[in-house]
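Report on one structure; see the data block that follows.
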Amino acid sequence: MRTIALGAFAVLATFACGGNTTGGSSAQAAPADQQVLRINDGTDPNSLDPTQQTYTYEAAVGRLTFQPLLQPNAGLTDVQPAAAQSYDVSSDGLTYTFHLRSDAKWADGKPVVAADWVYGWKHFLNPALAAGYVDPFFDQTIAGGSGYSDVDVKSASAIDSYLNGLGLSAPDDHTFVVKLAAPAGYFKWVASLWVAIPLRKDIVEQAAGGAFPSTDTTKAEAWANDPKTIVGNGMFKISDYTAKDHLTLVPSSSYWGGAPKLQKIIYYFISDGNTAFAKYRTGDLDMLNVPIANVDVVRQDPQLSKQAKLYPKLSTFWMTYNAKETPLDNADVRLALSKSIDRDKLTKDVLKGTDTPIQSFIPKGMNGYDSSLGDPQKFDPAAAKQLLQKAGVTAADLSKFKLLTRDTTGNKTVNQFISQQWQDNLGANIAVDVVDSKTVTSRIRKGQFDIYGPDGWGADYPDQQDWFDIFTSAACHSLNWGCVNMPGYDALVQKADSTKSDSDRNPLYKQAQKQLIDTANVGFIYQQAEYNLIRPYVQNLTITGIDDQYIPGDLYYHDVFISKH
Amino acid sequence: MATLLRIEDLKTQFFTSRGIVQAVDGVSLHVDEGETIGVVGESGCGKTMTALSVLRLVPDPGRIVGGHIWFRDRDVTTMDPDQIREFRGNDVAMIFQDPMTSLNPVTRVGIQIEEAMTAHERFSPKDALGRVIPLLQRVRIPAAERRKEDYPHQFSGGMRQRAMIAMGLANEPSLLIADEPTTALDVTVQAQIITLLKQLNRELGTAIMLITHNMALVASICSRVVVMYAGRVVEEGPVHQIFKSPQHPYTWSLLRSVPRVDEVRRSRLVSITGLPPDLVRLPPGCKFHPRCAFREDRCSEEEPPLGEVDTNQVARCWVLMRNVPQEAARELEAVTVPHDVAEELKSMPDLEEAADGS
Amino acid sequence: MANTAIGGRPARGALPVRRLLAPSSRGAALALFVARRVLWMVPVLFFVILITFTLMHLAPGSPWDKAGGRQLSASIVENLNTRYGLDKPIWQQFLLYLWNVTHFDFGLSYQYQGRTVSALLVSAWPYTATLGVLAFCVIVPAGIGLGVVAALRQNSRIDYIAMGFSTFGASVPNFVVGMLFIIVFGVMLYNITGGNYSLPVSGFGLDDHLIMPVVTLALLPTAFIARLTRASTLDILRQDYVRTAWAKGLSERLVVLKHILKNSLIPIVTALGPTFAFLVTGSVIVETVFVIPGIGRSFVEAVTSRDYPMILATTVLFSVVVAIANLVVDVLYVFIDPRVRLT
Amino acid sequence: MALPIPSAPLVQQQDWDVPEQVGLWTDVWRRFRRNRLAVAGAVIVVILVLDAVLAGLLVQIGLIQDPIKQHVELSATGPSAAHLLGTDELGRDTLSRLMFGARISLTIGILVQGIYVLIGGTIGLVAGYAGGRVDNLLMRFTDIWFAFPDLLFVLVLVSVFSPSLLSIFVAIGIVNWVGLARLVRGQVLSIKEKEFVESARAVGSSHFKIVLRHLVPNALGPIIVTLTFGIPAAIFLEAALSYIGVGIQPPTPSWGVMIQDGYQAIYAAPSQVLFPGIAIAITMLSFSFIGDGLRDALDPRMRR
């Protein structure tokens, strides 16, 4: 089954590691009927309504049909205008005013007005719909948003009063104003998430068969069940969709930035890695994410090796220790475990060189990365044994623990290697415990595990704030599965989040990162990278560290084109 | 009368993991047009296998390895599959011992008879359909038009045997081979079947080769008898001649082992000691010598040929019963089958319409 | 009914009575039997739903736990539970479900928000059904044909080939067989033909897209039916009535079809019933490897993602299909073997 | 001339003289022994069982390598001098994993058939033989189990008990007996009408004896085929359950799990998928030879 970035965690649109572009614009374009890009998206999106999409393979569809206000620039250093021509922030950092493009149109030609944005965001923030990405990005930032979880979803009036209390307004057709509860330097990135999009009230209600109370979620989502009523403000629109088979996108003629060069994008939903690999090799796919087991096959193939490239991602993987299970509450024990994993061997042999070892938290290529901090967790079996002796813990004490593993082949392979490492280097027999995925989630939420992994993170937006809030005590049993006691860490992160200027915030985040590494809250093991095959005739593809694992460059398809071949 | 069937030195063997079973070891016999002959011998003497060889129905792992089977002027052993298919059921038909299992349990009786005819182009499907009921009536099955729709399990044993006979006669074959037709039936039904066969022979002129181990049956229906032992013919001749003066000790013992119900004589039935020989490891010389009370040294060395012992009577024996002194024979006294009894059986009145269908 | 007594004189005393009751009485008995069996489906379905419902709620993990990364906050989970009625007591949910099912409302899928389970299944089933029926049309002739030939030519080369094929068919799982087909008839064929042709490795289409999936789907059942037919035919070959059939001079085709096969059908038909049911409700493996947009995957996906309405709908669907398949088998028994009475 | 009548007993028995009578089981064993294929099958099964039992010993004396020792630098390679049958994705020796895999796969593959016969066989026999209401009730019960959600059941089972071989046994055995039950019932329904059964009933032999002596031998052919096909099916079911963490835990090998893991590297090292397949094929073949040999040996008609 498809593994989402091996660590089976959500890799979300995040930060730059320096975009790079394939081919050049100088190549001659192939005729119009060949301007088709065929990609394997892996799994069907759960819904075609971007506000309900939570995984990147879903967002790969959402981003092309609906365009948020802003989007990350190619270098991922800052945001750039998208649906909004420009935006300005009030001096107290509480009011964001987005100036919408006058020539922005919906796919059916109607102009996009500010009221559509208000309606779209309110649809997204409707508690009855329970969209996955509201919390914490929107309800904790937008004024009047914090009551999101206390709203009685059975009463329409309660929902309406909550939605009307939000700091969203449209002074005129081309200005969309968002008021925040507190200053948040990172809100520009929140506004670039694919979930923050405008919606057409008339289309939603027409699909629902007339106005409907905001508690009736089935009617609220009726428009999303039929590709024909998916009318977005994006570059593309959906021409046809067969569940579990394929989805075809064609250019939206009324897009403000001019119709894209590609005449058709076909997303296939092939969940079997071997089948997708065969489809690429029989010329039916234009790009492919190579499964680990086939990396050597590609490297040894004369043609394929030329088409393959390694794209580092901004995601870090680690082993999570449950502090409730003594002696895992002892930092020395956690350090010993982290120091007895040979990361070079793991990445070179087991992961076939597609990932890079890391001992620190923020991934390389993102603001805040600092490899020098990583020394305490460096691979050093002798030191690891000494740490155990110092902590008065024997290998037998550790042997009662189990390594909780999600049931994917990738996880099982990595964990069996790590379990063997602990056996070889510490003499501890920590058995691999493979468990059905849903059961794993329910166990880690209740803290019923010893060691769990490989766990990992890719930021929702390229700001350190989103990385460090994972390990706060508030997040215990929700993302912070280990609940390691970190004195002073919460205060440090809280202070860093609320200061505006980077020069003040970075040292604070660095101190927090050092604390994480030194006390081995988790055992960092590797930074992920994707080994992708891309046909030589795919020109102008801009690939960044935040793209979806299967679809490199899915942020900037406007200028991509197929050259003569 | 012209000879209908001539079997010349037939050899049929079974190639089993235990070795080669010589089931039929050089058998020669003939059947004339309209004649009724009996082929007798204990079970395992090769009589059934001889019959099956005539229709080339020898089951795996058996095969005909030598000799010829002449039917009028054609040699069955060299027929190709289509000729054999045309030959079976048309020129020569065969009915089997156990009526319980010889009919297809899942097809109606009428259809099983009809298909015997349509298999050979002699009757068009419409004619075939029309002949089914008369055939059933001819074999004395009451309410034929209703019974032909029944399935075999709705027929009694006797009724099924009659249906088999009707099936055999469907194409008016020149020869009907009946392999132990009455063994599985009780005595009263046996008599009906035998009478039926006698009538069919008389009315249709169908030659009958009756294969049985029941000497009384042979006496009552056959004109000539062939006695087989260990896969070969040991004696052959007209029935009354054989019954009056059997020359081969085996034939003699067989006749002595037939109990007579009507005659009260205190005498010991002669049962032949031992069992038929293992056809894989046959004894040297005369195959019967280990069980023969009158053997001489020669018998165990050399196998006697089938020599003329009387007009139209041959036997395969060095000693022959006429050379055995009376007292020796009497010592193994047994009830003889008086000639009159044989006649009496032969002239059994035709049973009128069988009252019920049992 | 064939006309009676053409020319032949009717047996004395027996009236040429048409058998009034027989055919229609059997027809009536049959209709009654089928009706009763359909009624019996109600209790069967009730227990199937009861068992599935209980197990579903006992299984660890909730539908809202995400496979990885950021989990839904407690408030959102609470909202979802209310939205889908999971906040009501279990027994009430069960009764509500029974009520809805009797009105053919199978509820909303948790996985694919806003889409009803029945719409999802109805739109996807034709793909699975096409594959299943085509595979079945391969299995019956190939399986029975191979089995009969292997039995008739026992211990010959053809018998050993059939035995070898059926063992291969069973000992290699179909995802490996499917992928080997893809490698050979997809990738290798593509390279050999210099990129002009290869069997399509994925997707559904009423064309050469069907070849590999149907063959992969049919491989194991064909192997099983072949061996079953061979064993059953071997038993029948030894029966006396087969020798009688040969003795009548029937052609080999007639002997095999009417006398041998008709008697060896019972075990074959018995196995074909459930086989058809499994085929028509889809194979998760074949549909994953060949990317067929059918319902095969829904069975497993529903359980792994704890999509309760989909779990119940797929289980009920299969239960109905297999109950009907077995009913057809029981009816066929009577037509195949007259001695078997309708219970 | 008068022949001396040998009043003494006849010539003493020569070996070529008369075949001796033998009891049923000795005859069955004798005919089974003569069936070359069946004997070959039995020998293979003994070898497999021995391998499964002695695998641990073989590692100690160094004849085969340690099945869980990883050589990650040699991940997913084909047969080589160091590793006769190649290595899996973590570089572990396939030959030794194949031999250790026999322990799980043979136990599951074969013993599960026992459960099928016990549950499925009995229900099928009783339903077929009794007929009427009993048959109807038993068959409706079977219909329920046809649609039994085994995956769900297994998840619940494992959440209560820890994952182990036993949970696999129960999971597989408790559901998949339905096919056999229907098959046996179908056979019994058509055979019980046969004449010899009626005659046995007429003689008044007990139902149990009738079922055992008449119905079972005649229904044996298809049952044996179903059981031999049940072996690989059970092996793969175990692998599917182990994949979702419900069966055996890594690094314990089983043939089905080896094929499943090998599937991921099917392009890199197809041999890793085929070797376990061959092992399963050999097991299945030997059991079908034994099955066929048993059926021929038991067949009343074949007995002389």
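Of note:
- A:V151 falls short on exactly one of the conditions (1) out of contact with any Phe, Trp or Tyr (no Cβ under 8 Å at 6 or more places or on another chain); (2) modelled with pLDDT under 90, and that condition is (1).
- Helices (runs of 4 or more DSSP H) completely within the range D:74-189 that count 1 or more residues being more than 30 Å from C:V340 (Cβ to Cβ), at pLDDT 90 or above and away from chain C (no Cβ under 13 Å): D:94-115
- Yes/no for A:V153 being of a type outside the set (D, E) and assigned to a loop (DSSP other than H, G, I, E, B): yes
- Against the numbered list (1) within 14 Å of chain D (Cβ to nearest Cβ); (2) surrounded by 19 or more Cβ atoms within 10 Å (Cβ to Cβ), A:R299 comes up short only at (2).
- Residue among B:K126, B:K148, B:K198 that alone is of a type in the set (D, E, K, R) and closer than 29 Å to C:V340 by Cα: B:K148
- A:W422, sole failed condition from (1) free of Cβ contacts under 8 Å to residues at least 40 places away in the same chain; (2) in contact with a Ser or Thr (Cβ under 9 Å, 6 or more places away or on another chain); (3) more than 14 Å from chain C (Cβ to nearest Cβ); (4) not charged (D, E, K, R): (1)
- Qualifying position, being modelled with pLDDT of 90 or more and more than 14 Å from chain D (Cβ to nearest Cβ), among C:E287, C:E252: C:E287
- Criterion: part of a loop (DSSP other than H, G, I, E, B) and within 14 Å of A:A196 (Cβ to Cβ) - qualifying residue of A:D116, A:D139, A:D92: A:D139
- Within the option set A:A431, A:A475, being away from chain C (no Cβ under 11 Å), surrounded by fewer than 21 Cβ atoms within 10 Å (Cβ to Cβ) and without any contact (Cβ under 8 Å) to a residue 40 or more places away in the chain holds for one residue only, A:A431.
- Residues in the range C:290-327 that are within 8 Å of another protein chain (Cβ to nearest Cβ), in contact with an Asp or Glu (Cβ under 6 Å, 6 or more places away or on another chain), part of a helix (DSSP H, G or I) and farther than 26 Å from C:R37 by Cα: C:R297 alone.
- When residues of the range B:150-205 are limited to those that are outside any helix (DSSP H, G or I) and of a type in the set (D, E, K, R), the one farthest from the chain's Cα centre (by Cα): B:D150
- Residue check, C:G143 in a helix (DSSP H, G or I), at the interface with chain D (Cβ under 10 Å from one of its Cβ atoms), touching a residue at least 24 places away in the same chain (Cβ under 8 Å) and of a type in the set (G, A, S): no
- Residue within the range C:93-114 that is under 30 Å from C:E287 (Cα atoms), hydrophobic (A, V, I, L, M, F, W, C), within 13 Å of chain A (Cβ to nearest Cβ) and not in a loop (DSSP other than H, G, I, E, B) present: yes
- Summed over the range C:146-176, the residues that are away from chain D (no Cβ under 11 Å), over 20 Å from D:S286 (Cβ atoms) and touching a residue at least 60 places away in the same chain (Cβ under 8 Å) give a count of 3.
- Scanning the range B:307-316 for residues that are buried (at least 17 other Cβ atoms within 10 Å of the Cβ) and modelled with pLDDT under 85 returns a single hit, B:V309.
- Hey, A:G109 surrounded by fewer than 21 Cβ atoms within 10 Å (Cβ to Cβ) and modelled with pLDDT under 90 or not: no
- Residue in the range A:142-150 that is in a strand (DSSP E or B) and either crowded, with 19+ Cβ neighbours inside 10 Å or on the phi < 0 side of the Ramachandran plot (or both) present: yes
- Test result for A:P198, away from every other protein chain (no Cβ under 14 Å), under 26 Å from A:P72 (Cα atoms) and more than 24 Å from the chain's Cα centre (by Cα): no
- Tally of residues being closer than 20 Å to A:Y452 by Cβ and at pLDDT below 90 across the range A:375-411: 4
- A:Q494 out of contact with any Leu (no Cβ under 6 Å at 6 or more places or on another chain), free of Cβ contacts under 8 Å to residues at least 24 places away in the same chain, within 13 Å of another protein chain (Cβ to nearest Cβ) and farther than 16 Å from A:F317 by Cα: no
- Of all residues in the range D:40-97 being of a type in the set (A, V, I, L, M, F, W, C) and under 19 Å from A:V297 (Cβ atoms), the one that is surrounded by the most Cβ atoms within 10 Å (Cβ to Cβ): D:A76
- Filter pass, C:R230 being within 9 Å of another protein chain (Cβ to nearest Cβ) and under 30 Å from D:A281 (Cα atoms): yes
- Where B:A219 falls short, out of the listed (1) surrounded by fewer than 23 Cβ atoms within 10 Å (Cβ to Cβ); (2) within 16 Å of the chain's Cα centre (by Cα): (1)
- The set of residues in the range A:321-349 being closer than 21 Å to A:I444 by Cα, in contact with a helix residue (DSSP H, G or I) (Cβ under 8 Å, 6 or more places away or on another chain) and not in a helix (DSSP H, G or I) consists of A:Y321, A:P327, A:L328, A:N330.
- A single member of A:P312, A:P327 is within 30 Å of A:Q386 (Cα to Cα), more than 14 Å from every other protein chain (Cβ to nearest Cβ) and surrounded by fewer than 21 Cβ atoms within 10 Å (Cβ to Cβ), and it is A:P327.
- Positions within the range A:350-388 being part of a helix (DSSP H, G or I) and in contact (Cβ under 8 Å) with a residue 40 or more places away in the chain, in sequence order: A:V350, A:L373, A:G374, A:P376, A:Q377, A:P381, A:A383, A:A384, A:K385, A:L387, A:L388
- Among the residues making up the range B:222-244, a single one is within 15 Å of the chain's Cα centre (by Cα) and assigned to a helix (DSSP H, G or I): B:V239.
The values are calculated or read from the model by the stated rules, or taken from the named source; none is laboratory data. Everything quoted here is computed from the prediction, not taken from an experiment. Cβ atoms come from the backbone with ideal geometry, glycine included; neighbour counts cover every protein chain shown.
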